[in-house]
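What follows is a set of notes on a single structure, which appears directly below.
The values are calculated or read from the model by the stated rules, or taken from the named source; none is laboratory data. The structure presented is a predicted model; accordingly, all values stated were derived computationally and were not measured. Please note: Cβ atoms are built from the backbone with ideal geometry, for glycine as well, and neighbour counts cover all protein chains shown.
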Amino acid sequence: SDPSSSRRGAFIVFEGLDRCGKSTQVARLVDRLEREGQKARLQKFPDRTTAIGKMIDAYLQSKAEMDDHAIHLLFSANRWECAAAIRQDLNRGITVIADRYAFSGIAFSAAKVSRSAEMGLPFDFCLQPDRSLPLPDLTLYMSLPQEEATQRSQFGEERYETVTMQQATRKQFRLVAEEVKKIHGGTKWIDVDARGTIEEVEERIKGSIGVLTDGVIGRVGELWV
Ligand code: Z5A
Ligand code: MG
């Protein structure tokens, strides 16, 4: 068969603030695809199982302190150590579904009010370490008003799980979305209304993904390139 017309797996990323339902929906999507006989796998970020992931986990649980720049680079390094496997799987026809990705990395770091910088880390600094990572074919940003996120369950114990931090991160996610649309085009990022029941949100997501899980023609792109 003509290799130029053969399909690869789609790279689909779920993003959004705390408690918007990412992990719930990612699990349901992977289950559905497997039931339908499609090849799909889940990739969680941060991947807390690797050596770098363990450092990130300690930081998030406030068991370790770290400079804001250093932890930002570790989150990115955690993606880079998974990047080759993601590319390989996509080229083997496997759909890769990511629970958070580089966009969380930028939004959370840029939102930080650090001791050294009133406005958190500079946006451009936050963008650079992830440059050339596999480009998602679609990012679904699960949008949930703060009031409803707070109602869903109490904030957890981890760093960043405060109203101030979530509000600042929400603003940064808008800037990240603009950057994606500017550099990669308007079709690469979709806002999904995350209100309603789990089943209602699942239907919306299914509609947004459409036939993407049947495969994609063309090589995997590079982020911010
Ligand atoms: N972080 C970073 O700083 N830099 C980076 O590069 C990356 C991440 C990748 C840990 O992430 C922190 O790392 C995170 C960003 C930062 N800090 N914060 N905030 P994480 O992904 O490990 O965080 P998590 O705690 O596992 O997930 P989450 O985002 O907080 O939640 P979620 O996955 O979006 O939601 P959920 O677990 O699916 O659902 C939350 C609850 O709501 C749960 O009880 C569900 O049963 C319930 N739920 C779900 N859907 C619904 C609906 N539709 N209705 C009612 N209730 C629902
Ligand atoms: Mg989660």
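Which members of the stretch 28-60 meet the condition of being within 11 Å of ligand 1 (Cβ to nearest atom) and farther than 27 Å from LYS171 by Cα?
Scanning the stretch 28-60 gives a single hit, ARG28.
Could you identify the single residue in LEU121, LEU140 that is buried (at least 18 other Cβ atoms within 10 Å of the Cβ) and assigned to a loop (DSSP other than H, G, I, E, B)? It would help to see each step written out before you state the result.
Numbers: LEU140 fails: assigned to a loop (DSSP other than H, G, I, E, B).
So the residue among LEU121, LEU140 that is buried (at least 18 other Cβ atoms within 10 Å of the Cβ) and assigned to a loop (DSSP other than H, G, I, E, B) is LEU121.
If ILE12 satisfies every condition in (1) within 13 Å of ligand 2 (Cβ to nearest atom); (2) under 23 Å from VAL220 (Cβ atoms) but one, which is the exception?
Condition not satisfied by ILE12: (1).
Would you be able to say whether some residue in the stretch 92-113 is outside any helix (DSSP H, G or I), more than 16 Å from ligand 2 (Cβ to nearest atom) and at pLDDT below 95?
Checked the stretch 92-113: at least one residue is outside any helix (DSSP H, G or I), more than 16 Å from ligand 2 (Cβ to nearest atom) and at pLDDT below 95.
Are any residues in the stretch 17-59 within 12 Å of ligand 2 (Cβ to nearest atom) and assigned to a helix (DSSP H, G or I), and if so, which ones?
So in the stretch 17-59, the residues within 12 Å of ligand 2 (Cβ to nearest atom) come out as 17-27, 42, 44-46, 48.
Result: LYS22, SER23, THR24, GLN25, VAL26, ALA27.
Somewhere in the stretch 189-204, is a residue loosely packed, with under 12 Cβ neighbours inside 10 Å and in a loop (DSSP other than H, G, I, E, B)?
Within the stretch 189-204, one or more residues are loosely packed, with under 12 Cβ neighbours inside 10 Å and in a loop (DSSP other than H, G, I, E, B).
Enumerate the pairs (first residue in the stretch 7-26 and farther than 13 Å from ARG152 by Cβ; second residue anywhere and of a type in the set (Ser, Thr, Tyr) and more than 10 Å from ligand 1 (Cβ to nearest atom)) with beta-carbon separation below 7 Å, excluding pairs fewer than 6 apart on the same chain, so at least 6 apart or on different chains.
From the stretch 7-26, the pairs are GLY9/THR95; ALA10/THR95; ALA10/THR213; ILE12/THR95; VAL13/THR139; GLU15/THR139; GLU15/TYR141.
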